[in-house]
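The values are calculated or read from the model by the stated rules, or taken from the named source; none is laboratory data. In this text, all values refer to a predicted model and were calculated from it rather than measured experimentally. Glycine gets a Cβ as well: all are built from the backbone with ideal geometry, and neighbour counts include every protein chain shown.
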Amino acid sequence: MKKRRTLVISLLLVAALMLGIGYAALTDILEIAGTIDLAKDDAEKEFNLDIYFSETVTVDDPTKATGRRNADNDDKGTFSVTGLKKVGDKVSITYTIVNDGEIEATVTPKTLLNTYTDKLIYSTDWDDGEGGYVSKVIGAKSSETITITVELKALPTETMQANFTIEFTATADDNN
């Protein structure tokens, strides 16, 4: 009887041990820890390479203006207006901003640099109505256009050539 009791107690202990091991095996928590080092400047440069002005620039009347993307910096576009002859003459230049990246970007035009503001009126289809610009979100692998219109508001007293530059800043959504 004593042998039988010892055997039963031994079997119960082995069974309890097996249950404990089985439970531990099924409830084991795995932790993975690591470090990722990203240089903000390098990531920002890579992001900025994906956002640029397309080489295609459209001018609604090529006799009045020319436009292009800067060869040395594709974040800038320039155009020259030379063919406005009478008050009310207008010309529009359309640029395409491309996002070749995998992350959507918020694009905001900077102020147009120009001359002869007393003789010319300029506007864009991104104007906010208060002298600034609206930002546009350009999805990954897509593009958006911006059109600049220049109008002659007063006749010049001398020969003039108005040169404009438009730049933009692009930022990634912090959640991406």
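For the reader, a short list of remarks on this structure follows.
- Residues in the stretch 56-71 that are in a loop (DSSP other than H, G, I, E, B) and under 21 Å from the mean Cα position of the chain (by Cα): Asn70, Ala71.
- Flag for Arg69 being modelled with pLDDT of 75 or more and in contact with an Asp or Glu (Cβ under 6 Å, 6 or more places away or on another chain): yes
- For the stretch 60-69, a residue qualifies if it is surrounded by fewer than 18 Cβ atoms within 10 Å (Cβ to Cβ) and touching a residue at least 24 places away in the same chain (Cβ under 8 Å), and the qualifying residues are Asp60, Asp61.
- Of all the residues in the stretch 82-121, those that are of a type in the set (S, T, N, Q) and outside any loop (DSSP other than H, G, I, E, B) number 6.
- Residues that are part of a strand (DSSP E or B) and surrounded by 13 or more Cβ atoms within 10 Å (Cβ to Cβ) within the stretch 122-142 comprise Tyr122, Ser123, Thr124, Asp127, Tyr133, Lys136, Ile138, Ser142, listed in sequence order.
- Members of the stretch 78-106 that are under 16 Å from the mean Cα position of the chain (by Cα), crowded, with 20+ Cβ neighbours inside 10 Å and under 11 Å from Ile146 (Cβ atoms): Tyr95, Ile97
- Checked against (1) buried (at least 16 other Cβ atoms within 10 Å of the Cβ); (2) charged (D, E, K, R); (3) under 16 Å from Leu155 (Cβ atoms), Asp75 meets all criteria but (3).
- Top-ranked residue in the stretch 143-170 [being under 21 Å from Thr56 (Cβ atoms) and modelled with pLDDT under 85; ranked as surrounded by the most Cβ atoms within 10 Å (Cβ to Cβ)]: Ile166
- Conditions (1) of a type in the set (Lys, Arg); (2) more than 30 Å from Phe168 (Cα to Cα); (3) at pLDDT 75 or above: number failed by Lys64: (2)
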